[in-house]
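Working notes, beginning with the structure itself.
The values are calculated or read from the model by the stated rules, or taken from the named source; none is laboratory data. Note that this is a predicted model, so its numbers are computed, not measured. For neighbour counting, all protein chains shown are included, and Cβ atoms are generated from backbone atoms with ideal geometry for every residue, glycine included.
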Amino acid sequence: MPDATLAATPARDKVRAVDFRGGGFAPKTRRWVGIAVFIVLIGFVEWGTQAGWISALTLPKPSDVLATFGELYASGLLFQHLGPSLTRLVVGATIGASIGVTTGVLIGLFSYIRAGLVPLVAAIFPIPKIALLPLFVIWFGIDEGSKYALIAFGTFTPTVVATYGAVDNVDRTLIRMGQSFGLSWFSIVRKIVLPGAMPGILSGLRISLAIAIILLVAAEMLGAEYGIGAYILQAGSLYDLERLFAGVVILSILGVIVSAAIGAIERHLLGWRT
Amino acid sequence: MDIRLDGVGHAYGDFEVMRDITLDIPSGRIVCIVGPSGCGKSTLLRFIGGLERPTSGRILQIGDPPPDCLNPLTYVFQDFALLPWRTVTGNVSLALEDHRIGGAEAKAIIDDVLSRTKLTDFAKALPKQLSGGMKQRVAIARALAVRPAVMLMDEPLSALDSQTRELLMDDLIGLWTRTPFTAVYVTHNLAEAVRLGHLIVVLSRRPGQIRQIVEIDKPLAERGYADPDLEDSQKQLWMLMREEARAADAELIDA
Amino acid sequence: MTTFNRRQTLALIGAAAAAGLATPAIAQNRKVTVGALRFTSHSASFIALERGYFADAGLDVELKFFQAAQPMAVAIASGDVDYAVTAVSGGLISLADKGAIKVIGGALSEEPGIDGQKILASDAAFQAGLTSPAQLGGKTFGMSTAGSSFHYMGSKVAAAEGVEMSFKPLQKVGAIIGALKSGQIDAWSIVPHIAKPLAGSGDVHIIGDIADYLPNYQVTTVFTSAANASDERETTESFLAAFSQGVSDYNATMIDRASGDEGVDQMVDLIHKYVYTDRPRDNAAPSIINGTMRLNEGAALNIASVRDQLEWFQSEALVDEAITLDTLVDASYVNTIDA
Ligand SMILES: Nc1ncnc2c1ncn2[C@@H]1O[C@H](COP(=O)(O)OP(=O)(O)OP(=O)(O)O)[C@@H](O)[C@H]1O
Ligand SMILES: [Mg+2]
């Protein structure tokens with residue numbers, strides 16, 4: 001029968017390929033596009049400021065920003081500013097993230113701690129940490145203490161939330177499996193819960209560390225003579241756009257480096273993910 | 001070591017899952033449990049494994065487990081439950097680490113179970129690199145590593161395609177023939193039950209009760225693919241279960 | 001759409017003509033925005049507005065209040081505010097260098113014989129021996145930001161005493177006060193109406209006068225956008241004239257007490273509409289009276305002091321070395337003092 005039907009198909013019908021409709025909706029890596037966007041944008045601003053239709057009050061010349069950056073480097077001031085900032089960032093973020101991860105894991109594991117701390121974390125999450133800076137100065141002193149505290153506090157809350165979410169998302173059957181093999185509680189936490197929560201913890205850290213960089217400027221509002229944030233604030237108050245932008249570019253680069261570092265850690269630690 | 005279930009019944013709140021199940025699991029035998037969906041097979045297995053407590057009745061161990069046994073009641077899960085961040089070796093050694101077995105002794109055990117499950121060449125692979133059948137062989141290797149007195153297997157093959165399932169059944173039979181082990185094997189699949197079970201326990205629909213216990217005398221090693229003797233037993237089982245399954249199915253739709 | 005009939009149109013033309021005739025020499029009801037902080041040192045603007053001096057000069061003035069001097073300077077540069085009073089700072093000089101603003105007059109200056117800015121020490125530092133500016137060596141000095149007037153004053157004092165201090169940027173006056181009270185910083189300098197109540201609390205001690213180091217220091221100046229200074233001469237002159245009337249009233253009433261206590265009372269009432277509005281009048285009055293400092297008559301500008309400030313900012317590399325005094329100041333509007 002099918003043969004008969006086929007044969008009955010009028011021979012004069014056109015033959016053509018089926019239309020393809022399946023394209024798009026599949027992001028691919030196009031690395032150079034990002035760089036091109038930067039180049040076009042910077043080139044545009046350079047042209048505008050050189051030609052004068054972007055006033056000196058609106059934006060600095062990108063070439064001047066580069067020159068300022070060069071001077072900053074040549075004078076050694078760059079490292080005088082970077083050193084304290086990186087220390088603050090590393091110390092503050094390490095304190096905040098490690099306490100955050102610990103608290104998050106405890107919330108994930110113990111019902112009483114969860115019941116006690118989740119509302120507290122929800123209450124302190126939306127507080128603009130900058131508003132507490134004067135208080136931190138009184139508690140921790142105007143020197144490094146208050147800066148570490150501000151950055152630590154700012155990284156703490158998002159880390160906690162990301163961590164207990166990650167612990168909650170650990171595959172329960174893996175925990176059951178651990179119990180069925182008679183693993184101790186501590187072994188289950190160390191060998192199953194923590195590695196299982198690691199992807200969520202690391203993506204939480206990505207956000208927390210970006211927040212730490214944002215808070216760096218805030219932390220250096222009070223009593224910092226050196227530091228990228230202090231440099232930016234000073235440039236702002238002097239209305240020195242070249243320095244302001246040079247400082248902002250340093251923060252951006254710092255952000256890119258942190259993000260790349262976490263990417264590298266993820267590739268190293270999370271190679272098992274499909 | 002034998003296991004005895006003595007009048008086991010269970011309810012989640014008002015929701016009765018099983019009723020008065022009394023059953024002996026003799027040492028060195030594979031006991032298959034079949035029954036319609038939702039009749040409490042997995043729950044029963046969790047009771048035997050000590051992961052959950054029944055509301056009534058008792059689960060008893062009769063006799064001591066063999067002295068070299070590390071984890072008397074050991075699970076093999078339907079979805080393998082392998083740690084994706086550990087290699088095949090790492091996954092097997094997880095079961096040994098808490099028993100303070102390390103170094104050469106652990107290596108000897110791991111090498112042994114990997115060779116018994118034909119995984120020696122994949123010792124360093126991560127789970128994501130393995131096929132489903134291989135993953136389940138890793139899970140079985142891990143279970144064997146702790147020298148269990150009783151293996152508790154909850155639909156261990158149902159996540160696999162039918163060819164892989166046949167191969168793994170042959171593997172399990174091979175393993176048992178060399179060193180007989182005790183197992184409680186939950187399945188939906190009657191063909192699996194008749195291939196692997198010395199005893200087949202048929203449960204009614206929820207609340208699960210024992211409808212019948214069918215014994216198959218033919219030695220495991222002699223049972224084969226599309227074995228006519230087994231076809232008969234399978235047909236007999238299906239006659240037993242058919243109405244229950246239909247009713248259970250209708251119940252699910254009503255719910 | 002609005003349509004006029006013939007009679008209305010004629011009336012409008014007539015009114016416009018009459019207005020034009022009646023005020024030939026002054027700006028004609030120009031809308032002007034004046035920036036201000038809620039400080040007694042901004043009283044001249046409040047008086048000129050309340051007593052109608054701005055209106056008489058043909059200016060329809062709207063006051064726009066700011067929390068700090070820095071955003072006010074930016075608002076002038078962006079054209080949102082026309083005239084304002086603020087201290088000379090690195091930011092102001094930078095904006096002048098970018099062709100955005102000009103200093104056109106003086107507002108407040110240190111003057112011998114009149115209470116001026118005080119040098120303060122925290123109680124802790126005071127107890128440890130910081131009892132005069134000579135002991136400031138190695139101490140920390142509060143400032144809002146690098147390049148602020150606090151930075152200038154502190155540096156000048158330290159230089160005169162031949163000592164080195166470190167400067168702590170704390171962004172806001174409130175934060176500086178907190179840090180000083182709690183002993184987180186050792187010293188600071190501030191206008192007397194803030195200094196005196198602080199010293200009264202015992203947390204802080206007055207250890208010197210800025211005037212001893214910077215006589216005739218031009219503390220605040222009147223400034224406007226460069227465009228106003230060059231293209232809106234008439235309006236700018238009108239503004240300065242009305243502002244100066246406010247200054248005269250203020251000095252006469254508050255310092256020379258030309259109208260006695262009653263005059264002071266009336267003036268306090270007027271100023272209290274703008275300053276310390278969160279306190280009851282009786283509570284605010286002492287602070288307002290305490291804060292009295294002489295404003296520059298005729299908005300006269302001490303050009304020597306401004307030059308010294310510019311040179312100091314340049315010597316600290318806070319602003320470009322190439323900036324000249326003419327870039328910062330348009331001296332064509334008011335009398336200048338060069339001493
Ligand atoms: N923790 C629980 N709380 C409440 N009800 C549960 C719980 N666990 C299982 N049940 C219910 O108990 C009944 C039996 O569940 P169980 O998983 O043991 O059935 P099963 O026989 O294994 O079914 P299947 O063949 O689908 O795997 C089901 O109706 C299930 O919904
Ligand atoms: Mg089940």
Any chance A:Leu78 is farther than 17 Å from A:Thr163 by Cβ and not in a helix (DSSP H, G or I): no
Matching residues in segment B:70-118 - criterion: being of a type in the set (Lys, Arg) and under 23 Å from the mean Cα position of the chain (by Cα): B:Arg116, B:Lys118
Residues that are away from ligand 1 (no atom under 15 Å from the Cβ) and within 14 Å of chain A (Cβ to nearest Cβ), drawn from segment B:46-59: B:Gly50
Residue satisfying condition, being away from chain A (no Cβ under 14 Å), at negative phi and touching a Lys or Arg at 6+ places or on another chain (Cβ under 9 Å), within set C:Leu270, C:Leu301: C:Leu270
Conditions (1) buried (at least 23 other Cβ atoms within 10 Å of the Cβ); (2) in a helix (DSSP H, G or I); number of the one not met by C:Thr221: (2)
Single condition C:Ile185 does not satisfy, out of (1) assigned to a strand (DSSP E or B); (2) within 14 Å of another protein chain (Cβ to nearest Cβ): (1)
Residue ID - nearest to the other protein chains (Cβ to nearest Cβ), chosen from residues in segment B:1-37 that are within 18 Å of B:Ala248 (Cα to Cα) and more than 16 Å from ligand 2 (Cβ to nearest atom): B:Ala11
Hits in segment C:76-93 - residues which are in a helix (DSSP H, G or I), at pLDDT 90 or above and farther than 15 Å from C:Val219 by Cα: C:Ile76
Test: residue in segment B:16-26 that is within 14 Å of the chain's Cα centre (by Cα) and touching a residue at least 12 places away in the same chain (Cβ under 8 Å): yes
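Here is a yes/no grid of residues against (1) within 12 Å of ligand 1 (Cβ to nearest atom); (2) among the small types (Gly, Ala, Ser); (3) touching a strand residue (DSSP E or B) at 6+ places or on another chain (Cβ under 7 Å); (4) under 23 Å from B:Gln212 (Cβ atoms):
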{"position": "B:Val31", "(1), (2), (3), (4)": "no, no, yes, yes"}
{"position": "B:Leu44", "(1), (2), (3), (4)": "yes, no, yes, yes"}
{"position": "B:Gln61", "(1), (2), (3), (4)": "no, no, yes, no"}
{"position": "B:Val76", "(1), (2), (3), (4)": "no, no, yes, no"}
{"position": "B:Thr89", "(1), (2), (3), (4)": "no, no, no, no"}
Single match in B:Gly35, B:Gly28 (criterion: buried (at least 16 other Cβ atoms within 10 Å of the Cβ) and not polar (S, T, N, Q)): B:Gly35
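Conditions (1) part of a loop (DSSP other than H, G, I, E, B); (2) within 16 Å of ligand 2 (Cβ to nearest atom); (3) touching a helix residue (DSSP H, G or I) at 6+ places or on another chain (Cβ under 9 Å), marked per residue:
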residue: B:Cys39; (1), (2), (3): yes, yes, yes
residue: B:Leu45; (1), (2), (3): no, yes, no
residue: B:Ile48; (1), (2), (3): no, yes, no
residue: B:Glu52; (1), (2), (3): yes, yes, yes
residue: B:Gln61; (1), (2), (3): no, no, no
residue: B:Asp64; (1), (2), (3): yes, no, no
residue: B:Pro67; (1), (2), (3): yes, no, no
The listed residue being buried (at least 20 other Cβ atoms within 10 Å of the Cβ), more than 16 Å from ligand 2 (Cβ to nearest atom) and of a type outside the set (Gly, Ala, Ser), out of B:Leu172, B:Leu220, B:Leu190: B:Leu172
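Matching residues to (1) at pLDDT 85 or above; (2) surrounded by 11 or more Cβ atoms within 10 Å (Cβ to Cβ); (3) in a helix (DSSP H, G or I):
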site: B:Asp232; (1), (2), (3): yes, yes, yes
site: B:Lys235; (1), (2), (3): yes, yes, yes
site: B:Met239; (1), (2), (3): yes, no, yes
site: B:Ala245; (1), (2), (3): no, yes, yes
site: B:Glu251; (1), (2), (3): no, yes, yes
Count of residues meeting criterion [touching a residue at least 40 places away in the same chain (Cβ under 8 Å) and part of a strand (DSSP E or B)] in segment C:295-339: 5
Some residue of segment B:191-198 being more than 16 Å from ligand 1 (Cβ to nearest atom), in contact (Cβ under 8 Å) with a residue 12 or more places away in the chain, more than 25 Å from B:Ile62 (Cβ to Cβ) and in contact with a Gly (Cβ under 9 Å, 6 or more places away or on another chain): yes
Selection within segment C:128-154 - within 14 Å of chain A (Cβ to nearest Cβ) and among the polar types (S, T, N, Q): C:Thr140, C:Ser144, C:Thr145, C:Ser148, C:Ser149
Single unsatisfied condition, B:Leu203 versus (1) within 16 Å of ligand 2 (Cβ to nearest atom); (2) surrounded by fewer than 22 Cβ atoms within 10 Å (Cβ to Cβ): (2)
Of all residues in segment A:165-175 being surrounded by fewer than 17 Cβ atoms within 10 Å (Cβ to Cβ) and free of Cβ contacts under 8 Å to residues at least 24 places away in the same chain, the one that is farthest from the other protein chains (Cβ to nearest Cβ): A:Arg172
Candidate set: segment B:142-159, residues that are surrounded by fewer than 24 Cβ atoms within 10 Å (Cβ to Cβ) and within 16 Å of ligand 1 (Cβ to nearest atom); chosen: the one farthest from B:Ile30 (Cα to Cα): B:Ala159
Verdict on B:Val31 being touching a residue at least 40 places away in the same chain (Cβ under 8 Å), in contact with a helix residue (DSSP H, G or I) (Cβ under 6 Å, 6 or more places away or on another chain) and assigned to a strand (DSSP E or B): no
